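Everything on this sheet refers to the single structure shown next.
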């Protein structure tokens, strides 16, 4: 089974090392890693065209995979990296198997409350709302319900692990749990 | 042509009004709106199961649509709402037509620089990096390259509009431009 390894690791200073670590762990679990860091992108006339070329290659890689493990650890804010989220949606849309994880223990609701810094208030329509009037999802989920729902409704698992902040993008315990769950699912 | 209307409007205090406005504009453009606000969700024993039920209905709605217009206006941070991003990825994965827009004029790179509050520094590997070491995408795009790439490589357009902050989630100029582009594409 080929597994697409989605996550914000490509942005790390030690991206190659971290991607290689995940690739090795995937092989050790008896699965075949498809990693977006394994790219040779040809030069393009503009930055925009280069970005499009990366998108094309990544989608081809996803199409070649049977499953995805998405790292939904919050990235530059309270929510998952949008590139990774697109990839999770893409694979669910294609009917592939999906697992995901976060290295932050606080759930989507707790992180949104922390974002506002004040407790939400229940409005006349029964919704909990922040000071800007926007309602908060409180579904005991890692991220927006479309993400958790997309994974769980396809038989996957959202794994949550609370690691020290310094290991937020490098700790692989939750990723390894996804690998184990996925490998066991095969048999 | 049926168009799924994805965006964070469902969180607004005046969600119903804003969704109805987008539905009316879609009909006026000669297209058939499929709106995630048009839901009747049965009660469930737990909040989690309720969230899963919403996910299931939204995916059914997406499957019934031929195209998506995704509102990628930054939401509670510098990036698009993750639920909307999942839906964009899902529809691209299913080979549907995709258009998207943002009501914030600053592109992904400018918003990421603003998030750090300091200019990025070019590291030895040639990447621009923030003070936390994470690299910045600078591809002249609205959001992560997978989003812009997913839309543009399918013949869609990413429309950017810079509206006053008070109108960030209610201004429909960019949405209407997407409708016009999509309606003209039909003929």
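A short reminder: the numbers here are calculations on the coordinates, not readings from a lab. Keep in mind the model is a prediction, meaning the values are calculated, not measured. For neighbour counting, all protein chains shown are included, and Cβ atoms are generated from backbone atoms with ideal geometry for every residue, glycine included.
So the values come out like this:
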| item | result |
| --- | --- |
| Nearest-0.05 FRET efficiency for residue A:56 and residue A:166, computed from C-beta distance (R0 30 Å) | 0.30 |
| Principal-axis tilt of helix B:82-93 within chain B, Cα atoms, nearest 10 degrees | 80 |
| Anisotropy class of the range B:134-187 from Cα gyration tensor, a/c 1.5 cut | oblate |
| Among A:157, A:121, A:104: highest mean-square fluctuation, GNM of chain A, C-alpha pairs under 10 Å | A:121 |
| With Cα atoms, 0 to 90° folded angle of helix B:15-28 axis to chain B main axis | 80 |
| Gyration tensor (alpha-carbon) shape descriptor, chain B, a/c threshold 1.5 | prolate |
| Label point 7 Å beyond Cα along the C-beta direction, distances from residue B:110 to other copies (nm, shortest first) | 3.7 |
| Relative exposure of B:97, A:68, judged by other C-beta atoms within 10 Å (fewest first) | B:97, A:68 |
| Ascending list, in nanometres, of distances separating the residue A:27 label from those of the other copies (7 Å, Cα toward Cβ) | 5.9 |
| Cα-based shape type of the protein assembly as shown, given that a ≥ b ≥ c are square roots of the gyration tensor eigenvalues and the cut on a/c is 1.5 | rounded |
| Tilt relative to chain B, helix B:173-186 - C-alpha long axis, 0 to 90 degrees, to 10 | 70 |
| GNM flexibility winner over chain A from A:72, A:25, A:88 (Cα, springs under 10 Å) | A:25 |
| Net length gained if the chain between residue A:1 and residue A:28 were fully extended (0.36 nm per residue, minus Cα distance) | 8.4 nm |
| Highest-fluctuation residue, A:89, A:51, A:30 considered, GNM on chain A with Cα pairs under 10 Å | A:51 |
| Label spacing, shortest first and in nm, from residue A:60 to its equivalents in the remaining copies (7 angstrom along Cα→Cβ) | 3.8 |
